[in-house]
1. I'm trying to understand the selection: among the residues of the stretch 157-183, which are part of a helix (DSSP H, G or I) and buried (at least 24 other Cβ atoms within 10 Å of the Cβ)?
2. Specify which of the listed residues (Glu288, Glu237, Glu280) is surrounded by 23 or more Cβ atoms within 10 Å (Cβ to Cβ) and either over 30 Å from Phe490 (Cα atoms) or assigned by TED's automatic domain parsing to the domain that holds Val170 (or both).
3. Any idea which of (1) part of a helix (DSSP H, G or I); (2) within 15 Å of Asn148 (Cα to Cα); (3) β-branched (Val, Ile, Thr) is the one Thr354 doesn't satisfy?
4. May I ask you to list the residues in the stretch 335-351 that are assigned to a loop (DSSP other than H, G, I, E, B) and crowded, with 24+ Cβ neighbours inside 10 Å?
5. Give the residue, chosen from Asn475, Asn519, that is over 24 Å from Ala215 (Cβ atoms) and either in contact with a strand residue (DSSP E or B) (Cβ under 7 Å, 6 or more places away or on another chain) or not in a helix (DSSP H, G or I) (or both).
6. Quick one: which residue in Leu638, Leu678, Leu729 is out of contact with any helix residue (DSSP H, G or I) (no Cβ under 9 Å at 6 or more places or on another chain) and buried (at least 19 other Cβ atoms within 10 Å of the Cβ)?
7. Kindly list the number of the only condition in (1) over 22 Å from Lys725 (Cα atoms); (2) part of a loop (DSSP other than H, G, I, E, B) that fails for Ile636.
8. Exactly one of (1) surrounded by fewer than 23 Cβ atoms within 10 Å (Cβ to Cβ); (2) not in a loop (DSSP other than H, G, I, E, B) is unmet by Glu216. Its number?
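The values are calculated or read from the model by the stated rules, or taken from the named source; none is laboratory data. Keep in mind it's a predicted model, so treat the numbers as computed, not measured. Here the Cβ positions follow ideal geometry from the backbone for every residue, glycine too, while neighbour counts run over all protein chains shown.
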Amino acid sequence: MTERDNSNGVTGRFRLMNQQPVNLDGFATPAPELGLIAFQGTRDPIPSIIVENGSIVELDGRIKEEFDSIDEFIATHGIDIAIAEESMAIDSLQFARKLVDPYESRDALVRKAAGMTPAKLAEILGHLNAAELVMAMTKLRARRTPSNQAHVCNRSDDPLLLAADTATAVAFGFREIETTVPVLADAPSNAVAVSVGAAVGSAGVLVQCSVEEAAELAMGMRGLVSYAETVSLYGTEQIFIDGDDTPWSKAFLTSGYASRGIKMRVTSGGGAEALMGGAEQCSMFYLESRCVALARAIGAQGVQNGGIDSASVAAAVPGGVRSLMAENVLVMLLNLEACTGNDALMSESDVRRTSRTHPIFIAGSDFICSGFGSIQKYDNMFGPSNWNMEDIDDYLVMQRDWGVDGGLRTASEEKIEQLRRRATEAVSAVYTWLGLGDLTASWAEQAIYAAGSKDIEDADLMLPLNASATIMNTNITMLDVIAALAENGFDVEAERCLDMLKARVTGDYLQTAAIFDENMNVLSLVTDPNDYAGPGTGYKPSPVRQAEIDTIRQQVSVSDLRVEQSRYRSLDFHVSGTAEICHDPRDVVIGVSPATGRDIWRTLSGMLVRDVLDELLAGLEEEGCIGRVVRINDSIDLGIIGLGAARMSGSGIGIGLQAKGTALIHRRELAPLANLDLYSVAPSVTPRLYRLMGINAGRYAKGMTPEPVRNPYSDEAIEARYHTKVVSLVAIERECCSNDAPELLDIVR
């Protein structure tokens, strides 16, 4: 027995497994005492409620005298006392089944849930498996039409890049744009840049600058942003205290936003309490149920949840990813807008992070992502998202694969370039007009074509800080930005920004789950309610929207392939007559398919057909054989082509070659499929291998032993990459097929 290298102490199979990205993730043994458990923690209470004299005196096992501040707030403001006892008496499993029953209306379920306690809601949702969560989410989301939210930020707080990237995100279909800062004082500049970029992209795009809550509200009151969602809620009182907050302070802040016409969600997420060391031995899902009940109690329009910054904590334990989705469904059940996580990067594994999003993507949500990083990962000042600019093509293809509306669409490179140029021009004009700073032409040009901040050399890193100070010290508002746009020829953008201010006065987009479409129509629980009631009901994309989903920039038609092939059109082949049977024992015929030299000139490997034939003929010559090239016109089947070539050759040996590059060696007395050698994977066949096929055909002709052929190693996804192109090439071949006799071809040198 030979000694094998086992220096790493594991077999080769496990060495390979250990190198995979999923093993960079953190996985925890369930530890209920630390809160590292998804469902059914050791101190999760048994659901209960007692109402006396119109007041809740017991909530989930605690009497009123034992209530903490969260219990007190939920009991006072978060439960419909009129139906509480009736709702709590419903069997939890039976109610869970109603969530997936298409004959049970959403309205009725939401009505009953309003009278339930956090422990009751957690118990109900805990009964749903993964597939049932998809069904429940499909029915329970508030708004009929799904949408998506993007992160747009960069490590330099570069206003030109922010504006260009925002316009780009809007072109791809995002209807909410969230930015943040690496430098807190830069926030007003970022808010202006993103608002201008959004107006370039479309009417009705909502903008947020996520910073410290008081600063964010101040920008909102100036009209520089239109929504907020980073008001954090927690499921234990200690974590609130650690953050110098109470449920009442959060309620006051919520009222502050709403009173100024600013849309507002709160943020929570299972695992936050475990991460912050205050889980009180409760499960992540129960504590999140308290957060969602609290969100309803303080009057928030919705909730951004599903782990968020603590998603990887929940995902570290068994069932944790299921609990993240259950959080989102819980928000929907309480009739709130759901911005469904998919925000912070949950895993280093592409497979695992896709797995985390896919059920939500299939079901549909008010916002599939609470921050799809539409910029590169390194520029995301929230930290890498679960989905980033690098993944946009994947996401668009997923939409197309499933026929699902995930809120995005393909945008052409030409359109993106135009929008990025317009955005940089608009923001430059605003900054100059308002005295915020001069943005140079070279800087702007770099921003137009940049993939990220690393591509920009001419940025002035002090300008955003100085611009922000000027905005705050001189009381610049969105009306000033609008005036600057209008005075500099950006009338459309000025009108769009003004329309957003008008919308705040009317207040319609304070409705639950409200967004604007590109015509400034409000889509919400009120105007666009989810009406799913089983197959044939609910949201279905319009024909125009379906065409957007189905159209991706990578798709190739037969006509596209013809154009591509025509670039290689030449006078390589000349028909010298009808091919005849030969009796020279050195004669080997190379039979080529009908489209060779007519409509196809290039193989799947990238080699020209002429060059493939040169290699085959050279190999035959090395063995002292004479090669003839014959176009077989009456079949596209490689076995028939090769067999036909063999039957015309003097040696009885023939080579069959399809124009796409697939090749084989045949002998005249064999059945069509019983060939001698076959190169079936055309994309990976090299010139050396074609030469070797010629050599081996010559050896077969002389009765000698051929040289063994080994298929080349390849890490390419051959089927996924080439199969659709093969379908088009075969269609072209079939159109060239005829009853014409075989033709002798000469290769023109």
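1. Matches in the stretch 157-183: Pro159, Leu160, Leu161, Leu162, Ala163, Ala164, Asp165, Thr166, Ala167, Thr168, Ala169, Val170.
2. Numbers: Glu237 fails: surrounded by 23 or more Cβ atoms within 10 Å (Cβ to Cβ); Glu280 fails: surrounded by 23 or more Cβ atoms within 10 Å (Cβ to Cβ).
Of Glu288, Glu237, Glu280, the one residue that is surrounded by 23 or more Cβ atoms within 10 Å (Cβ to Cβ) and either over 30 Å from Phe490 (Cα atoms) or assigned by TED's automatic domain parsing to the domain that holds Val170 (or both) is Glu288.
3. Condition not satisfied by Thr354: (2).
4. Within the stretch 335-351, the subset assigned to a loop (DSSP other than H, G, I, E, B) is 335-336, 341-343, 345-349.
If the condition is that a residue be assigned to a loop (DSSP other than H, G, I, E, B) and crowded, with 24+ Cβ neighbours inside 10 Å, then Leu336, Gly341, Asn342, Asp343, Met346 are the ones that fit.
5. It is Asn519.
6. Leu638
7. (1)
8. (1)
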